[in-house]
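Notes follow once the structure below has been shown.
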């Protein structure tokens with residue numbers, strides 16, 4: 001599921017550290033100690049960040065192979081009337097951000113790859129103002145040239161060291177090309193900091209009015225007011241978030257399936273310590289959003305048939321009239337387990353079939369790198385064909401290309 005993207009407190013620390021180093025804050029050069037070169041990456045065009053192998057997205061051969069997969073993916077689902085949109089991940093997950101530590105000199109091989117060997121830079125308002133802008137603009141333009149009637153999406157998410165500059169830039173690139181955009185970090189601070197919302201979505205929705213203005217909550221919400229997960233605490237309770245998002249332009253709301261179950265499955269709500277009054281407020285908020293004209297309300301990353309909570313999702317959500325559809329992850333490794341040989345049926349078609357059979361729409365999020373950084377990939381289903389370096393989304397053959 002979702003893992004931390006760019007935590008603001010950590011980002012601030014990393015930015016301060018980078019500034020101190022650049023300005024001689026550690027004073028190593030004044031003491032005559034030569035600056036040590038960054039450590040080498042773990043491969044010519046991949047490295048390791050937080051225990052996860054991650055690619056050099058700017059490597060031309062990576063882009064060529066990934067673009068071929070994107071084209072095959074879009075072409076395959078363009079004729080499926082139940083597919084509402086396809087969001088293409090250009091960085092980590094289905095988003096545009098870089099791994100935590102990419103610009104932190106203490107992160108070892110992660111920094112050595114991105115900031116050292118490959119010379120990544122972020123920020124600026126033009127395609128030439130940073131290497132990451134150049135890459136993102138090139139990929140979005142490539143997507144725009146794929147013939148499809150489906151809406152394609154790009155993410156606007158905060159990137160360490162960039163503020164909202166990259167989000168502002170990519171929204172401006174995508175809109176004239178007919179590509180929509182959305183943010184995967186709706187949280188309580190968006191309300192308190194308005195109009196300075198995460199990824200600048202509040203301002204960008206108002207400026208560009210994308211056909212699909214997508215918002216995903218940062219994490220599972222925190223109905224009790226205090227949760228063990230920092231993502232949940234930052235997300236806050238769900239009921240205030242939904243009307244706020246709609247008021248400021250969102251028309252596609254993506255809610256973690258656990259929050260749906262709190263609203264519609266009293267047994268589940270009780271099992272996670274949510275009282276009946278709070279559960280009822282969740283249901284009321286979701287129903288109000290679902291009944292708003294022009295607004296779609298999605299079940300975010302529902303479990304697969306062999307996973308925990310699938311029976312409850314099947315019973316309470318799959319045929320629920322308040323549910324527009326589901327958001328399903330599609331790993332590159334799922335559809336191209338061997339180079340040039342695409343297989344959509346075994347994993348992706350099988351995963352979306354129950355929702356389509358129930359008359360629901362599906363939104364597909366294509367990714368080359370998962371958010372996780374530890375643990376093993378699943379034995380079956382989404383991500384089971386990857387299983388290299390805790391990056392379940394990357395096809396195994398691609399690591400040889402990246403050597």
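Observations on the model:
- Each Cα pair under 8 Å and six or more residues apart adds its sequence gap; the mean of these over the residue count of the range 64-223 is a relative contact order of 20 percent.
- With the convex hull drawn around the C-alpha atoms of the range 203-326, the volume per residue stands at 106 Å³.
- On Cα atoms only, tilt of 131-144 relative to the major axis of the chain in degrees: 40
- Sequence-distant contacts, meaning Cα pairs under 8 Å at least 6 residues apart, place the relative contact order of the range 45-401 at 16 percent.
- For the range 163-234, average projected area of the Cα convex hull in nm²: 5.1
- Length-normalised contact order of the range 47-107 in % [C-alpha pairs under 8 Å, at least 6 apart]: 33
- Fully extending the segment from residue 126 to residue 60 would add 21.7 nm, taking 0.36 nm per residue of separation and subtracting the current Cα-Cα distance.
- Degrees, to the nearest 10: 238-247 long Cα axis against longest axis of the chain: 80
- In terms of packing, defined here as the mean over residues of other Cβ atoms within 10 angstrom, the peptides 383-394, 236-247 line up highest first as 383-394, 236-247.
- Packing-based ranking, highest mean first, of 116-128, 54-66 given that Cβ atoms within 10 Å are counted: 54-66, 116-128
- Where only DSSP H runs of four or more residues are counted, the chain gives -10000 deg cm²/dmol as its mean residue ellipticity at 222 nm, each run worth -39500 (n - 2.57).
- Dimensionless Rg/Rh of the range 46-86 - Kirkwood Rh, Rg from C-alpha atoms: 1.17
- Relative packing of 316-326, 139-149, which averages over residues the other C-beta atoms within 10 Å, highest first: 316-326, 139-149
- Radius of gyration over Kirkwood radius for the chain, both on Cα atoms: the Rg/Rh ratio is 0.96.
- The DSSP beta bridges internal to the chain are antiparallel in roughly 20% of cases.
- Taking label points 7 Å from Cα along the Cα-to-Cβ direction, residue 82 and residue 148 give a separation of 1.8 nm.
- Projecting label points 7 angstrom from Cα along Cα→Cβ for residue 358 and residue 196 puts them 4.1 nm apart.
- Cβ crowding within 10 Å, taken as a proxy for footprinting-reagent exposure, orders 179, 255 from fewest neighbours to most as 179, 255.
- The gain in end-to-end length when the residue 247 to residue 226 segment is fully stretched comes to 4.9 nm, 0.36 nm per residue minus the alpha carbon separation.
- Net length available on complete extension from residue 72 to residue 177 is 35.8 nm, with 0.36 nm assigned per residue and the Cα-Cα distance removed.
- The angle separating the long axis of helix 8-22 from the principal Cα axis of greatest extent in the chain is about 10 degrees.
Taken together, the values in this text are just the output of simple stated rules run on the coordinates, not laboratory data. The model shown is predicted, which means the values in this text are computed figures rather than measured ones. Here the Cβ is made from the backbone with ideal geometry for all residues, glycine too, and neighbour counts use every protein chain on show.
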